[in-house]
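What follows is a set of notes on a single structure, which appears directly below.
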Amino acid sequence: MIATIEAFAEQLLKSRVVSEPDAQTFLSQAIPTSGDDPSSLARQAIRAELLTRFQAEEILRGRGRRLRVNDYILLDVLGYGGMGLVYVGRHVNRTERVAVKVLGEQFKHDSGMRARFQLEGKAGMGLDHHRLVRTLELGERADLYGTTDYMVMELFEGVTLLEGISFSAGPMKWDSTCDVICQVAKGLAYLHDHGMVHRDVKPDNILVDANGHAKILDFGLTLLDKQGSAEEFSLAMIFGQDCLGTADYIAPEQSLNSMAVDGRADVYSLGCSLYVCLTAQRPFPRDTRQAVVGAHRTDPRPRVDAINPRVPKPLADIIEQMMAVDPAHRPQTMAQVRGLLRPFRRARKWAFAFDQVLTRRKELKRALVTKSRLNSIQAGRSTKLSSNTVTDPPGQMKRPEEE
């Protein structure tokens, strides 16, 4: 944390989140009443709407330079992912807000993660469908230690289906979930019609807004065409052809050869996603990734209605069919999936305050960081090895009121 108002002023000017004249005017008026307290100066900047709370906190931490990504000003944290952070931002010359995804500093020199990030950006920029989050720009930010990849996407103010499970503190309503899945199937059909396979369909990658409208995001594992691409080849060489996907949702054939799949692999993953939403459980809970992947290939298909009796048997039959081991036994297209689920769908609104969702995400992230540090300390005191679970159970959030 910076200790003086002079340091705060320097960080504010270096951040370039406000014009120098506006910054100087604010400082000349606020410094005399700040009592030589940079935190007081930060609070005044927030009240004056010169800075967002996030920006003020970053400046107090001495990280003002990070608030600009080329021509984009970062306003708040939108989400946390395995590849880095996603921010709410805006272009310096425009007022509309966008999402800015920045590859994590720890991956700056990681060729595999950079290849995946660039694949996601290039795939997203070639897509134009109302059920897919649009990618607007892919670029690099230069700094003293090299370059950092970033992409700019449309800002879709939604929650993930995984957060929806947390809202419900258990299984979600089957009719509204089927409505969301039908929307997602339409977006995936667009991908498939353009020769692409998503390969990472899961509740974390499905967003739903307050009106119940859904969009798919994260095209970092998208197979662009049957011939592949330079980025796809890089991923296969670095991670292996059988390692692309998320274990809890991966189709059996995808775990054997991720480059030799078609749209039916996405049908399988979508079926697993629907299963998780309606049971609040993983389809194959095992202790290791290898065991989970093996269960997807060989174990009997779990029944949704055995866990959640409220789910109609015909709907449970459809989900079981979507999760068939043999691709030939699944619905063959997303159009067929939509046709099968249509009788069960019902549109509902999801009433939530997006700003509160952002706050809750930060709280959960802080809790996970604290837990991780405690686990590291405990691991240092013990020689016993612990098994990592494939998917942590979602934390509980306040249930949204459905209209």
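The values are calculated or read from the model by the stated rules, or taken from the named source; none is laboratory data. Source: prediction; values computed, not measured. Backbone-built Cβ (ideal geometry, glycine too); neighbour counts: all protein chains shown.
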Residue, farthest from Ser15 (Cα to Cα), within segment 33-79, restricted to residues that are in a loop (DSSP other than H, G, I, E, B) and among the small types (Gly, Ala, Ser): Gly35
Test: residue in segment 94-106 that is free of Cβ contacts under 8 Å to residues at least 12 places away in the same chain, among the charged types (D, E, K, R), in the same structural domain as Thr135 (by the TED database) and out of contact with any Lys or Arg (no Cβ under 7 Å at 6 or more places or on another chain): yes
Residue among Ala9, Ala115 that is of a type in the set (A, V, I, L, M), over 23 Å from Val357 (Cβ atoms) and under 23 Å from the mean Cα position of the chain (by Cα): Ala115
Failed item, numbered, when His91 is tested on (1) surrounded by fewer than 21 Cβ atoms within 10 Å (Cβ to Cβ); (2) farther than 18 Å from Phe54 by Cα: (2)
Any hit, segment 267-290, residues being of a type in the set (Lys, Arg), outside any loop (DSSP other than H, G, I, E, B) and closer than 25 Å to Cys178 by Cβ: no
Single residue of segment 74-109 satisfying the filter (among the charged types (D, E, K, R) and out of contact with any Leu (no Cβ under 9 Å at 6 or more places or on another chain)) that is nearest to His192 (Cα to Cα): Lys108
Unique residue being more than 18 Å from the chain's Cα centre (by Cα), hydrophobic (A, V, I, L, M, F, W, C) and crowded, with 20+ Cβ neighbours inside 10 Å when the list is Leu60, Leu144, Leu132, Leu67: Leu67
Which numbered condition Thr177 fails, given (1) within 23 Å of Leu341 (Cβ to Cβ); (2) hydroxyl-bearing (Ser, Thr, Tyr); (3) surrounded by fewer than 20 Cβ atoms within 10 Å (Cβ to Cβ): (3)
Subset of segment 144-183 [touching a Leu at 6+ places or on another chain (Cβ under 9 Å) and part of a strand (DSSP E or B)]: Thr148, Asp149, Tyr150, Met151, Val152, Met153, Glu154, Gly158, Val159, Thr160
Condition check for Ala214: closer than 27 Å to Tyr72 by Cβ, out of contact with any Asp or Glu (no Cβ under 7 Å at 6 or more places or on another chain) and crowded, with 19+ Cβ neighbours inside 10 Å: yes
Residue match in segment 118-132 (condition: assigned to a strand (DSSP E or B), closer than 16 Å to Thr222 by Cβ and not charged (D, E, K, R)): yes
Answer from Ser258, Ser234, Ser269, Ser168 - the residue that is of a type in the set (Ser, Thr, Tyr), modelled with pLDDT of 90 or more and either assigned by the TED database to the domain that holds Met323 or in contact with a Cys (Cβ under 9 Å, 6 or more places away or on another chain) (or both): Ser269
All positions within segment 309-324 that are assigned to a loop (DSSP other than H, G, I, E, B) and under 27 Å from the mean Cα position of the chain (by Cα): Met323, Ala324
